[in-house]
Amino acid sequence: MSNLKFQQDLEPNKQEQEESRLSLFGSKELNESTNPNKEDNKTKAIQSTFNSQREKDQKSKTITEKRKKTKSTSHKKKKTKKSKSRTSLFSNSGLHLEDVPLDLTNEIIQLDDFDEGFEEYKNEEEIKNLLEDKTKIRSYMNKLNETLKKEKYSTVSEYFNMCDEYLELNTDLAECDGILESLESLMQSFSTTLSTLSGEIINLKNDSELMSIKLNNRRSVVSELSDFLTHAEISDMLINHLFNDPIDENYIEYIQELDRKLDWSLRSDGDPKALEQFNPIVKKVCKHVLKRITNFFIDTFSNFGNKVNEILIGKITKLFKYVTLIQFVRKHDPKQLLQISYSYRINVAKCCYEMFQSQFKLMQKCLYGYGSKAPLIGYDELSFSIAQKKLSNKNKQKKKTKSNSNKKQNINNTSTFPNSSTNLLTVKERIAILSKIPQKKLINFKEAVKNKQMFSMEIIFSQLILLLTRLTQSEALFSTDFFQDLNLAKEILATSISSLENFITSLSKNSFDVIGIFLMIKINNKYSEILQTEIAGIIKGLFNRINMTLWPQFTRILEINAQSLFLEFDNTLLMSDFNFSNNLSNEKKLQLIKKNKKKQQKKKKKKSQNNNTAQLRPTFSTRKYSELISSILILNNDLNENNVLFSLSLLRTEMETYLSKYASQLIDTKSQTLFLINNYDLILSVLSKNEIISAETQRFELLLEEQHEIYIEEVLKQYFNDLITFVGKTDAFLFESKLEKSEREKRKKTINRKQIGKILKNFSKNWRDSINSIYQEIIRDFNNYTNGAKALKRALSQMLRYYTRLTEIIKLIEQNSNNFSNLIVNLSTIMKEVKDICKTFID
């Protein structure tokens, strides 16, 4: 058990192992000290090292005792390591136990912790086997002692092999001690040098702080003095530049330098004696410069032309670079600025006014159909050709006395309108301008006059509004940025806006293009919606005034269109002699009709002699009327103005009156009905082509249906008059309201049977020829295939109804209907013939 305890204490610390080895080594050396083969000097050195080592061992014992107390808790974690260390002591050594004496009473062996160690290792298999067989313990201990001896001998041999190296290491350590002593002395001298240097650095720091304070003070003084010296002096070179150099972009730099000197003189709080000579000179220079700048702007404004590009573009590019000069004038002499702005307002307002006037003249020359009465629905170019010739002969004498300019103007006013006036009444091509608003390009009307280009009324109007809006934008931008006064733009454009309103008023009064007027209203509304707020403030109320001008002109022209219908009855009445500004009364209309009553009677005779299909065709006024109302309804689709619908209803009433009067000049009712059918059908076809459904459509459909019924009755009367007359009278005679049966029976007996027989004979004899004649007549009368087919079917169906009604009457009055059976035509035969005729018409 004592051997086991000794083995456990060998591992806790490597230092303790070394101590045990040294103690063993020391005992061996004592035993071998008598060996004569060893050298004396070497043994002495070894003995001295052993003595020193023993002293260290005694010190280490105290240390190990303290460590054992702290390491008692960590024995469990070190089981594996301890076991390995124990085996390594015996297995790795090359010594034999018999070579080293074993002293079990050595004081290194500690048995205090044996119980603890035994409890830890008693469960191991080797310990259990030993405890079971106690006789083996002694032999095990012997083996263990032998192993320990071998380990000790191997350790001593290793120590002897390393002894020379230990001696060399000792000498090296002694040399290192000398070197370290020299370094220590060197460092002490260096520390004294550093202490002296730190004191010098502190002194330098204090000196630098004082120098920086002095430098800042000097710089502040220099800055104040330099500012004073630079601003309190105006050089002769600067005065020469300000007085003599032309005003351009380089001149602005001199103005800025002068402005800085003036600002400094006003802000300076220094000694006034230093500024007594400077301030008067600067003020005189400033006064002279202000006058020169004022004269420059006045001369520049007076040289403005009346070209559009100079007003819209050139002014901004030329003058906006001088905004610094205006700021200088505003800052130092506001009175001079008022003089400059007044000059600008007068000259630019005049320039804009002249520009608008020149544009008005060019636009009038390019206006399509300006002053022409051809758009009026009652104006027929063919009807008034004779009157125009007479008028031209009268004008030839007047033209001799007029100037060449007046000749050109008359030519432009009379010859711009084409032969077909319906071009101005159709809106399909003209309405495209609404999708192009706002327009992006201004038309060069000077080039347009040279190239003889013509433009409609709404294009001219849109160009005027576009020119005005761009000019307003330019003036608003320039006035706010250059003069900082938006009211200046209002004052400049006041005369131009009034001239524009007058031109639009005269344009609408002298024009009879109602579609153009309506398009102008819509263009005006669109521009008023898209304009910016600042522009709307400048031309505030303009668009409302234009609307108030154009709407009355629109209703006036519609009234003139209605009045123009009655002028067609007097072809000798010249349109130029008619006062369109005043409404004609009904009395005046009657006077015009009575005045030419004899001429109308002559016309009726000629028409009776030459009655042909040309007289039954729609009039030119009807075509123009249908195009006019369809265009107005298309434009009014999104506005839905009630005054427009009311004006159209009045115009429709006049058109109905006109057509009825025109039809009354025809010789018979059938021709009158055909004339009305063709005219009403033309109106409805134009409306349906434009996909318009309105009160106009419903009214003319009703009128067309009425005329169709009248026409069918007139056609049937030509061939079946006796049948129609008899059926009509008999129905009224027999089936009168509130008629008693007895009275009806009496009346049946009074009906003429012979007359019925004649009617049946004539019908059975002529019904085929009559149907074919009706077919040929309808083909001749109707140009419209749809109307012809509709009229043929309705006429033949009505004939069948009359004949069917006749057979019913015969059955009613005759008890024995066999009396007329041989005369009655079978209805199936008639229906078959009718179907064949309708089929041939369709084919």
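No lab work stands behind these numbers, since they all come straight from the coordinates. Predicted, not measured: the structure shown is a model, and the values here were computed from it. Reconstructed Cβ throughout: ideal geometry from the backbone, glycine too, with neighbour counts over all protein chains shown.
Worth a mention:
- The string of couplings for the stretch 347-362 from the Karplus curve (6.51, -1.76, 1.60, θ = phi - 60°) is 6, 6, 5, 5, 4, 5, 4, 5, 5, 5, 5, 5, 5, 4, 5, 5 Hz, one whole number per residue in order, with x for Gly and Pro.
- Pairs from Lys761/Lys835; Lys522/Lys661; Lys624/Lys689; Lys741/Lys761 whose Cα-Cα separation, in the structure shown, is over 25 Å: Lys522/Lys661; Lys741/Lys761
- Given charges at Cβ of Lys, Arg, Asp, Glu: the stretch 138-297 dipole, positive-most of Ser195, Leu290, Ser220: Leu290
- Cα gyration tensor shape of the stretch 749-791, rounded if a/c is under 1.5, else prolate or oblate by comparing a/b with b/c: prolate
- Amide hydrogen neighbours beyond the local backbone of Phe455, cut-off 5 Å, H modeled: Leu367, Tyr368
- Local electrostatic count, Glu706, Cβ distance below 12 Å [Lys/Arg +1, Asp/Glu -1]: -4
- Whether the stretch 694-842 is rounded, prolate or oblate, judged on the alpha carbon gyration tensor where a/c under 1.5 counts as rounded: oblate
- Net charge of Cβ neighbours under 10 Å - reference Tyr251; Lys, Arg +1; Asp, Glu -1: -3
- Computed about its Cα centre, the charge dipole of the stretch 665-708 is approximately 100 debye, with only Lys, Arg, Asp and Glu carrying charge at their Cβ.
- Charge dipole of the stretch 450-540 about the Cα centre (unit charges at C-beta), most positive-ward option of Asn487, Leu519, Ser498: Leu519
- Between Thr480 and Ser660, the FRET efficiency from the beta-carbon distance, with R0 = 45 Å, is close to 0.10.
- Segment Lys748-Gln188, extension gain: residue separation times 0.36 nm, minus the distance between their alpha carbons: 184.9 nm
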